[in-house]
Amino acid sequence: MRVRLDLALRPGQGELTVQYLYVNCDCGAHLVNRMAPEFEETIPLPFPSKPDGNRDARSVAAADFIAWESAGDALALPTLYRVWLHRADAPGRTGRAVYFRAGGDDYSVFASLTPTLTARKLPAGWLHEKLLPAQKQATGYAQAVIPRLEDLPGRSLQPADEDGNIPISPDGFEELFAGSEVELEALPFVEVFGRALGELAGAAQHARSCGRDLRLRHL
């Protein structure tokens, strides 16, 4: 069996990022359809997966795919988080970055079906000069309440990692944004990606019966 894992790309903040994963078999069976990139961000495939401009398929042994899918049964699937900003003037919400202040600096937090929450320090002046006006232009409203970490006694930011990300616990996030128009949604992984998990299991079962190599291809 030859399974093709087709990764479509989309523009994202000036860069191309993986959009969807498709798994097809050379026998004509369509096994996995449009698996969202958030799945691989949480549970990476142990195969080459970063787009490199090469459209040629890469061979992967069917046994490797089967072993990876089987090992997933033992994983403790995480909770996924999504940040929402509610309109202050009308019903409705949108998933986008939200902002807070700490130590006189501005920070952004964005989560869209991710297992962790991280903040990033913004350049001086960007929040009020660029980001909030852009938010207002794009959606017709902007985040009105910009909380300050100093208003929470005993709270402080953790050190940033080498990429500049600062981890924030879900409880800490909700405490920081309590009383604002910001909402944190928590979803079980299997609730979000139940269909994909089922299709991957079906793809592995198909591989067991066919036994040929798999192929990955980036588009």
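Here, each number is a calculation from the coordinates, and none is a lab measurement. Values in this document were obtained by computation on a predicted structure and should not be read as measured data. Note: ideal-geometry Cβ built from the backbone for every residue, glycine included; neighbour counts use all protein chains shown.
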Checklist entry - Where the centre of each part is set by its Cα atoms, how far does the stretch 168-213 sit from the stretch 70-86, in angstrom? => result 4 Å
Checklist outcome for this item: Per the rule of 0.36 nm per residue minus the C-alpha distance, extending Arg120 to Ser209 adds in nm 27.3 nm
Checklist entry - What is the extension gain from His86 to Val190, computed as 0.36 nm multiplied by their sequence separation minus the C-alpha to C-alpha distance, in nm to one decimal? => result 34.8 nm
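Pull out the extension gain between Glu174 and Asp64, defined as 0.36 nm times the separation in residues minus the alpha carbon to alpha carbon distance; nm, one decimal.
35.5 nm is the gain from fully extending Glu174 to Asp64.
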Checklist entry - Where Lys and Arg each count +1 and Asp and Glu each count -1, what net charge lies around Ser70 among other residues with Cβ under 12 Å from its Cβ? => result -2
Next on the checklist: Need one number: the % of Cα-Cα pairs in the stretch 79-188 sitting beyond the 25 Å mark.
Outcome noted: 16 percent
Next on the checklist: Quick check: pseudo-label points 7 Å beyond the Cα along Cα→Cβ at Gln137 and Glu183, how many nm apart are they?
Outcome noted: 2.8 nm
Checklist outcome for this item: For Glu40 and Asp105, extending 7 Å from Cα along the Cα-Cβ vector and measuring point to point gives, in nm, a value of 3.2 nm
Checklist entry - Antiparallel as a % of all DSSP beta bridges within the stretch 27-170, to the nearest 5? => result 95 percent
Checklist outcome for this item: Scaled by the rule-of-thumb 2.2 N^0.38 Å, the alpha carbon Rg for the stretch 142-198 gives a ratio of 1.50
